[in-house]
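All remarks here apply to the structure that follows.
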Amino acid sequence: MKIKHIVVTGANGQLGQEFQKLRHEDFRFTFLGSIELDITNSSDVTNTISTLNPDIIINCAAYTAVDQAEQEVNEAFSINDHGANNLAIIAEQLQTKLIHISTDYVYHIDKDSPLIESDSCNPLGIYGKSKRAGELSIISQLDNHLIIRVSWLYGAQGNNFVKTMIKLGMEREELNIVSDQYGAPTYSRDLVRAIIDIIQTRSKITGIYNYCNRGKTTWMEFAKEIFDYCKIECKVSGISTSAYGAPAPRPLWSVMSTDKIQNLLSKEIPHWKESLADCLEELGPMT
Ligand SMILES: NC(=O)c1ccc[n+]([C@@H]2O[C@H](COP(=O)([O-])OP(=O)(O)OC[C@H]3O[C@@H](n4cnc5c(N)ncnc54)[C@H](OP(=O)(O)O)[C@@H]3O)[C@@H](O)[C@H]2O)c1
């Protein structure tokens, strides 16, 4: 098999760093952080990607500060929409595949069953709106796209809920955690493995796919599971999204169906509790 050249943009973020840990004989990676390639700069994107001429681009670059986005609208759209659009344009010119990471926040609809990829999108916050705009830009520019919507991303790298909870749980005796938002966490290591699996076995697949770990939970139950595993004694009380009062609106229902992507994968997607245990094991001394 020909060795595939993969360019990863936003390579120093949480997910980008997870890709950097991969060692795989079938792939050659070029990792580009925001210093090496600012995806909002269209001429830099054209020049850099043309020179590298990869088989696949994986876009992990994003504006991810959900609350701050309400104040930094232009910046959020510049990175999440314009930046994604720049990558799609050059991917189309070079006939390269673009794998783009999106979010459950694009749905933001009321439903009593798991969200499926054909459900309508009604993002309410700036972050969700900018990510949806990026999806639509990619779809309109490039047929050879794979958009993967993930929820509640965490891992051993970067900043995330799991690490924040461990820190706060060790500092405080009691925490109020949101208990009326339902979803499922996504362990970045599982996501990277799923993407590699698809590249290896279903490289021609295009379209939109949900990915998260199996099962469903709330942020409060997620925090309790972290504390139980780490034997952190911190009292957890539930609080509603409205009482918590974060600046950006958040969907109460973010439970995504993963049936569509599961059909492509050679292994069953792990349950979120199993993957959380793997991550806490990986974090080791921190806990
Ligand atoms: N985190 C979550 O809970 C979550 C949930 C659902 C979906 N997602 C999606 O998952 C993907 C990965 O998220 P993540 O948690 O890994 O995000 P992250 O840790 O915030 O990393 C994003 C990376 O993008 C880079 N970046 C920002 N602006 C850029 C630009 N103009 N050009 C190039 N790179 C730029 C950042 O670099 P600098 O630090 O140098 O600015 C950072 O390294 C994103 O698409 C996100 O929307 C995340």
Of the candidates I195, N176, T217, the farthest towards the positive dipole end of the range 101-228 (Lys/Arg Cβ +1, Asp/Glu Cβ -1, centred on the Cα centre) is I195
Residues whose built amide H sits under 5 Å from the amide H of S102, excluding neighbours closer than 5 in sequence, are I148, R149, V150
Using eta = 0.890 mPa s and T = 25 °C, Stokes-Einstein with Kirkwood Rh from Cα pairs puts D for the chain, in µm² s⁻¹, at 126
The chain: antiparallel bridges as % of DSSP beta bridges, rounded to 5, reads 5
Check: C-alpha center the range 1-23 vs C-alpha center the range 59-80, spacing in Å is 22
Per-residue Cβ contact counts at 10 Å, fewest first, order M220, M256 as M220, M256
For the range 102-235, the percent of all C-alpha pairs falling in each 10 Å bin, from 0 up to the bin holding the max distance, is 11, 35, 34, 16, 4, 0
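Whats the longest run of the chain with zero GluC sites (Glu not before Pro) that are DSSP loop and have at most 10 other Cβ atoms within 10 Å?
Result for the longest clean stretch: 26-172.
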Taking Cα atoms only, helix 188-201 is inclined relative to the longest principal axis of the chain by an angle, in degrees rounded to 10, of 30
Computed ³J(HN,Hα) along the range 257-266: with the Karplus parameters 6.51/-1.76/1.60, θ = phi - 60°, integer Hz and x for glycine or proline, the list is 6, 10, 4, 5, 6, 4, 4, 8, 8, 7
Fewest to most Cβ atoms within 10 Å: Y211, Y63 sort as Y63, Y211
Long-range alpha-carbon pairs in the range 160-287, meaning those over 17 Å apart, account in percent for 62
Using eta = 0.890 mPa s and T = 25 °C, Stokes-Einstein with Kirkwood Rh from Cα pairs puts D for the range 10-59, in µm² s⁻¹, at 210
Calc'd 3J(HN,Hα), the range 94-110, phi into Karplus 6.51 cos²θ - 1.76 cosθ + 1.60 (θ = phi - 60°), Hz, glycine/Pro = x, comes to 8, 6, 10, 7, 10, 9, 10, 9, 10, 9, 4, 5, 5, 6, 6, 10, 7
Given unit charges at Cβ for Lys, Arg (+) and Asp, Glu (-), the dipole magnitude of the chain about its Cα centre in debye, nearest 20, is 540
Summing -39500 (n - 2.57) over every DSSP H run of at least 4 residues in the chain and dividing by its residue count gives a helix-only mean residue ellipticity at 222 nm, to the nearest 500 deg cm²/dmol, of -11000 deg cm²/dmol
extent check for the range 124-171: Cα max minus min per principal axis, descending, whole Å, gives 48, 24, 13
For the range 136-179, listing trypsin sites (Lys or Arg not before Pro) in a DSSP loop whose Cβ sees at most 11 other Cβ atoms within 10 Å gives R172
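No lab work stands behind these numbers, since they all come straight from the coordinates. A quick note: this is a predicted structure, and the numbers were derived from the prediction, not measured. Counting neighbours? That spans all protein chains shown, and the Cβs are built from the backbone with ideal geometry, glycine included.
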